[in-house]
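Some notes on the structure that comes next.
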Amino acid sequence: MPRRKKVELSIEERIAAVEAELEALTAQTKAKKQELKDLKAEQAEADKAKLIDAFIASGKSIEEAVSLLKPE
């Protein structure tokens, strides 16, 4: 069986392919950065809820809690 001849891409076509790939990677990077930002915000909210729950469970007044946390 005869072998198929490889089709060589022109430099312009290769440049266009690389530019398209870079654009796709840039879009993926932006999406991942947004996902990371959302996850960090979700973690911060969970930390706040945990802190509030611990405060309520302690039975301390707001003034007592603030005095414990405030540096002297």
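Quick notes on this one:
For every residue, the table says whether it meets (1) open to solvent by 80 Å² or more (accessible area, probe 1.4 Å); (2) modelled with pLDDT of 95 or more; (3) out of contact with any Gly (no Cβ under 9 Å at 6 or more places or on another chain).
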| position | (1), (2), (3) |
| --- | --- |
| P2 | yes, no, yes |
| K6 | yes, no, yes |
| L9 | yes, no, yes |
| A20 | no, yes, yes |
| K30 | yes, yes, yes |
| K37 | yes, yes, yes |
| A46 | no, yes, yes |
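- Among the criteria (1) loosely packed, with under 10 Cβ neighbours inside 10 Å; (2) assigned to a helix (DSSP H, G or I), the one P71 does not fulfil is (2).
The values are calculated or read from the model by the stated rules, or taken from the named source; none is laboratory data. Note that the coordinates shown come from a computational prediction; the quantities given were computed from them, not determined experimentally. Counting neighbours? That spans all protein chains shown, and the Cβs are built from the backbone with ideal geometry, glycine included. Just so you know, the surface numbers come from the protein's heavy atoms only, side chains and all, with ligands and any DNA or RNA stripped out. Shrake-Rupley method; radii C 1.70, N 1.55, O 1.52, S 1.80 Å.
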